[in-house]
Amino acid sequence: MSLIKKNIQVIIVLTLVLLIIIYMFANVSLSKSRWKNESLEKRYTIATIYDYENPVKNAGAFKYKFNFNQKLFSSSFLLANRISFKNKEHTNHYKIAPKLMRLSTKELQTYVGKRYYVKFIVNYPKNSELLLDKPVSDSILKAPDEGWLQLPE
């Protein structure tokens, strides 16, 4: 009887792990398809980096937040994931991330508090990309609540 219970427990655990993996792949796929969907409106606003985490060497992440339509959104810019991400239509990460990967944790922490433009999908603002090659000028104090259709000059 205990052998049957152990087998059931193993099957339950493996099923849960498999479901989590499927969910993760589906989420990534859905996000990529939204960026490619030209009918979905994209906008720009100002994001502020509020934290840098480095749990594992060369796998750090900037955490950033931005406002859109009077709601606060937050996301992460994962350095390790961006090396192979080459979607030239909306980001320059494939050039930026490898340079950042060479910096020390102390140097990367200097990004905290800095402002950069972020591009996001209007109907899915959590789908956003921090544009680290586009720092916000000190002369721009605030973004419109609805964001910009194009980056300000």
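The values are calculated or read from the model by the stated rules, or taken from the named source; none is laboratory data. Quick caveat: nothing in here was measured; it's all calculated off a predicted structure. Counting neighbours? That spans all protein chains shown, and the Cβs are built from the backbone with ideal geometry, glycine included.
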Checklist outcome for this item: Picking from Lys65, Lys32, the residue that is modelled with pLDDT under 60, under 30 Å from Thr105 (Cα atoms), out of contact with any helix residue (DSSP H, G or I) (no Cβ under 8 Å at 6 or more places or on another chain) and not hydrophobic (A, V, I, L, M, F, W, C) would be Lys32
Checklist entry - Quick one: would you say Ile46 is at negative phi, at pLDDT 70 or above and either polar (S, T, N, Q) or in contact with a Lys or Arg (Cβ under 6 Å, 6 or more places away or on another chain) (or both)? => result yes
Next on the checklist: Please list, ordered by residue number, the helices (runs of 4 or more DSSP H) wholly in segment 72-112 having 1 or more residues that are at pLDDT below 80 and buried (at least 18 other Cβ atoms within 10 Å of the Cβ).
Outcome noted: 79-82, 93-101
